[in-house]
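K.L.:
My questions will all concern the structure given below.
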Amino acid sequence: QVQLVESGGGLVQPGGSLRLSCAASGTNFRLYVMGWYRQAPGKQRELVATIAFGGSTNYVDSAKGRFTISRDNAKNTVYLQMNSLKPEDTAVYYCNVRLGAFSSWGQGTQVTVSS
């Protein structure tokens, strides 16, 4: 059974940084696309960033230049380094893994950017 456990969320001031981690278990995720999504109150869940098994990345425009996604295949872990955080980055951030038609989600971690 696939399990995803996120950590690293919290309260941070505008301009600050946070690093999210997602530890995956239940299978070897080396070939999976791993990613981060977020959902703000009253809004739909949106893609933040993904990283393929070969290391190619994809970012939502609002994250480009501020966020960096990375993965450690030996640890089955995906990270999201978030710098220059803005109040509009406030949301619940969800980890996702997918391979073909299979997709699994973590429980989410709250990120709040506020002074």
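K.L.:
Leaving ligands, DNA and RNA out of it, report the carbon-plus-sulfur percent of the accessible area of the chain at a 1.4 Å probe. Present the calculation step by step, with values, prior to reporting the outcome.
P.N.:
On the way: 2870 of 6000 Å².
The computed percentage sits at 48.
K.L.:
Where in the chain is the longest stretch that carries no trypsin sites (Lys or Arg not before Pro) classed as loop by DSSP and with at most 13 other Cβ atoms within 10 Å?
P.N.:
Longest run free of exposed loop sites: 76-115.
K.L.:
Let me ask something else. For a quick check of your reading of the filter: which chymotrypsin sites (Phe, Trp or Tyr not before Pro) in segment 52-89 sit in a DSSP loop and have no more than 16 other Cβ atoms within 10 Å? Mind dumping the intermediate values first?
P.N.:
Values: sites: Phe53, Tyr59, Phe67, Tyr79; in loops: Phe53.
Answer by residue number: Phe53.
K.L.:
Counting only the heavy atoms of the protein chains, how much of Ser70 is accessible to a 1.4 Å probe, in Å² to the nearest 10?
P.N.:
50
K.L.:
Antiparallel versus total DSSP beta bridges in the chain: what percent is that, nearest 5?
P.N.:
Details: 39 of 42 bridges.
Percentage antiparallel, nearest 5: 95.
K.L.:
Please give the net charge around Phe29, taking every other residue with its beta carbon less than 11 angstrom from that of Phe29, where Lys and Arg add +1 and Asp and Glu add -1.
P.N.:
Details: positive: Arg30, Arg71, Lys75, Arg98; negative: Asp72.
Its environment carries a net charge of +3.
K.L.:
Excluding residues fewer than 8 places away in the same chain, name every one of the aspartates and glutamates whose C-alpha is closer than 15 Å to that of Lys86.
P.N.:
The reachable aspartates and glutamates, counting only those whose Cα sits under 15 Å from Lys86, are Asp61.
K.L.:
Right, next: With just the Cα atoms defining each centre, how far is segment 74-115 from segment 49-66? Give it in Å.
P.N.:
One Cα centre to the other: 12 Å.
K.L.:
Further question: If you count only protein heavy atoms with a 1.4 Å probe, what accessible area per residue comes out for the chain, rounded to a whole Å²?
P.N.:
Values: 6000 Å² over 115 residues.
In whole numbers, the chain has 52 Å² accessible per residue.
The values are calculated or read from the model by the stated rules, or taken from the named source; none is laboratory data. This structure is a prediction, so every number in the text was calculated from the model and none was measured. Cβ: placed from backbone, ideal geometry, glycine included. Neighbour counts: every protein chain shown. Accessible surface areas use protein heavy atoms only, side chains included; no ligands, DNA or RNA. Shrake-Rupley method; radii C 1.70, N 1.55, O 1.52, S 1.80 Å.
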